[in-house]
Amino acid sequence: LLVRFSIKSQRLAVLVAHALDSEWGAEGQRVWWDETSQLLRHKRVAGLPLIVLIDANARVGSIVSSAFGAEGAEMQCSSGLHFHQLLVDHGLALPATMWPGPHATWTSPKQGARGHRLDYVALPVAW
């Protein structure tokens, strides 16, 4: 879901998305991330401050950049590579990765499974 709206004089775009998981394979995930990034370049939202609320099904943090910090880091997976690129390309950052605290947003229903950080809020780096 991608919407643009105005609050007083501030125009914004908000993307709410659920990325493909690993069952779709690396190529399926790459295509999804590429198409999502292209959608964010649409003339109706390009240039607007963008907020992203996403179940990214992606692990990130082992490669630190302007997009995220090392707090709660997990080994970046292939989907994380594409997510990372989308964040950098669109000037976004994950603020929750920049301070300590609990980071898991999902835990497998399998007994004894550990939690993972797969869900994110991304905000413009300029903010």
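The values are calculated or read from the model by the stated rules, or taken from the named source; none is laboratory data. Since this is a predicted model, take the numbers as computed values, not measurements. Here the Cβ is made from the backbone with ideal geometry for all residues, glycine too, and neighbour counts use every protein chain on show. All accessible areas refer to the heavy atoms of the entire protein, side chains included, with ligands and DNA or RNA removed. Shrake-Rupley method; radii C 1.70, N 1.55, O 1.52, S 1.80 Å.
Here are the numbers for the structure shown:
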read-out	value
Breaking point among (1) of a type in the set (Asp, Glu); (2) under 14 Å from the mean Cα position of the chain (by Cα); (3) surrounded by fewer than 14 Cβ atoms within 10 Å (Cβ to Cβ), for residue 55	(3)
Among the residues listed as 86, 20, 48, the single one being part of a loop (DSSP other than H, G, I, E, B) and under 15 Å from residue 125 (Cα atoms)	48
Neighbours by Cβ (under 8 Å, 6+ apart or cross-chain): first from the range 87-112, open to solvent by 40 Å² or more (accessible area, probe 1.4 Å) and of a type in the set (D, E, K, R); second in a helix (DSSP H, G or I) and modelled with pLDDT of 85 or more	89/37
Count of the range 13-33 residues which are of a type in the set (Ser, Thr, Tyr) and either surrounded by fewer than 12 Cβ atoms within 10 Å (Cβ to Cβ) or modelled with pLDDT of 95 or more (or both)	0
Candidates 58, 67, filtered to the one that is in contact with a His (Cβ under 8 Å, 6 or more places away or on another chain), under 18 Å from residue 125 (Cα atoms) and of a type in the set (A, V, I, L, M, F, W, C)	67
The range 49-88 - residue that is among the charged types (D, E, K, R) and closer than 17 Å to residue 17 by Cα and, of those, modelled with the highest pLDDT	55
Selection count where residues are within 19 Å of residue 20 (Cα to Cα), touching a Phe, Trp or Tyr at 6+ places or on another chain (Cβ under 6 Å) and not in a strand (DSSP E or B), scope the range 89-127	1
Given (1) assigned to a helix (DSSP H, G or I); (2) open to solvent by 20 Å² or more (accessible area, probe 1.4 Å), index of the condition residue 36 fails	(2)
